[in-house]
Amino acid sequence: MWFKTFTVILLIFSSPDLFASGLQSLNQHFYSIVKKELTQQSVPGAAYTVVKGNNVIVTETFGFTDKKKSQKITPNTVFRLASVSKPFAATLVNMLADEQKLSLTDPVTKYVPHFSLATPEAADKITLHHILSHSTGLMPNAYDNLLHENWSIEKIIGRFDRVTPICEPEKCYGYQNIAYGMLQPVIESTTNTSYKKLLSQRIFEPLAMENASVGIDVYRTESNTAKPHVLRKRVNTNKYDRRGKRIKRNIWRTVKVTPDYYKVATAAGVNASISDMSQWLIANLGHAPDVLPDSIITKVTTPRIKTKKDLRRLYWREHLEDAHYGYGWRIYQFDHIKLIYHSGWVSGFRADIAYSPELDLGFAMLMNAESNSINKLSTTFWSLVYDHFFPDVIAD
């Protein structure tokens, strides 16, 4: 099986034009699937991109920025990335570590001295490595709820002195947003530059990510932004599925963008368009080494801790053979190919990004609604890729 996989990959790299042509054909089928799914789920707007090597194979857009249909989604429409922001922060921290401006073995208390835990000296054991890989030993999503309560990030961090770790650092996986937000003062105190400015200087500008930004203020001043939508209710239709079950239609409600997760910019503060995501994918595939060296890509995509719960994710579980977290990226064994992946979800938005280093292929999708369709469509894309280019392997 491994030999067959290697043979197909060899053919892909020896015949890139043929592979790109195959992707165009595949996209015609995938586009129809996406359009049907978005229509069935009444998703207001979405966009996706496919890149191969340093080329954008296709960028597709659907629907409108809001329910009023006042403005169409374009390749430059800005969405919130939510947790798809984490790879940017992880990349920047590793760049600074590579430049010896900080060490990943530094305790986070070196940069956030008011961070403490209920267990004496436990906070001093948590390093930047643990923050980046979600292996801090803290309960999952510790104090995320307080972001919705209009608490400042400083006040939330002060609350951690009531938290007892559930394990020693690196002994268990626990996904974090507040803790990931602590990377912002790490970056800013190390460089004497704001996170927003440094990310723009080091990544957005050199990669020509022209619509990318950090923070709610920039989002609010943009003229071409997707508006967030949350589910209001589901109503019955006159249609039935193959099992004879009545199909329901989603009714979405346009809501205002809230500052909650923007408070943890390194965890969920980036805004970007689908055209920006194309450039980010190309860089992570290794085609912008002056900006994103292979050494950094290797560090952030090296598996650091196992994430068994991911193996049960809806739609993904049919394909995943193994799952880990690296630094800001998830590392999945999807059927027989390694995928570097992350998803994002904040009120009114969903985002997915993934790439295959072996296939030199990347995919990203953005939605302005909290629809699980994004999981269904992302897995469908990669499943189609493998069915199309690896038929013998899949058959085995």
Considering only helices (runs of 4 or more DSSP H) wholly within the stretch 98-196, the ones with at least 3 residues that are assigned by TED's automatic domain parsing to the domain that holds residue 297 and surrounded by 22 or more Cβ atoms within 10 Å (Cβ to Cβ) are none
Search result, residues across the stretch 249-263 that are surrounded by fewer than 19 Cβ atoms within 10 Å (Cβ to Cβ), out of contact with any strand residue (DSSP E or B) (no Cβ under 7 Å at 6 or more places or on another chain) and more than 12 Å from residue 349 (Cα to Cα): 259
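This table checks each residue for (1) surrounded by 20 or more Cβ atoms within 10 Å (Cβ to Cβ); (2) of a type outside the set (Phe, Trp, Tyr).
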position	(1), (2)
297	yes, yes
309	no, yes
326	yes, yes
355	yes, no
372	no, yes
For the stretch 247-259, check the following and say yes or no: at least one residue is free of Cβ contacts under 8 Å to residues at least 24 places away in the same chain and either of a type in the set (Ser, Thr, Tyr) or in the same structural domain as residue 151 (by TED's automatic domain parsing) (or both). no
Requiring at least 3 residues that are of a type outside the set (A, V, I, L, M, F, W, C), the strands (runs of 3 or more DSSP E) wholly within the stretch 240-331 are 246-254, 320-325
Among the residues of the stretch 232-246, the number that are β-branched (Val, Ile, Thr), within 32 Å of the chain's Cα centre (by Cα) and more than 22 Å from residue 368 (Cα to Cα) is 0
Touching a strand residue (DSSP E or B) at 6+ places or on another chain (Cβ under 9 Å) and surrounded by fewer than 24 Cβ atoms within 10 Å (Cβ to Cβ): does that describe residue 339? no
Scope the stretch 26-85; condition outside any strand (DSSP E or B), farther than 15 Å from residue 229 by Cα and of a type in the set (D, E, K, R); matching residues: 35, 36, 37
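The values are calculated or read from the model by the stated rules, or taken from the named source; none is laboratory data. Because the structure is predicted, anything quoted here is derived from the model rather than measured. Note that we place each Cβ from the backbone using ideal geometry, even for glycine, and neighbour counts take in every protein chain shown.
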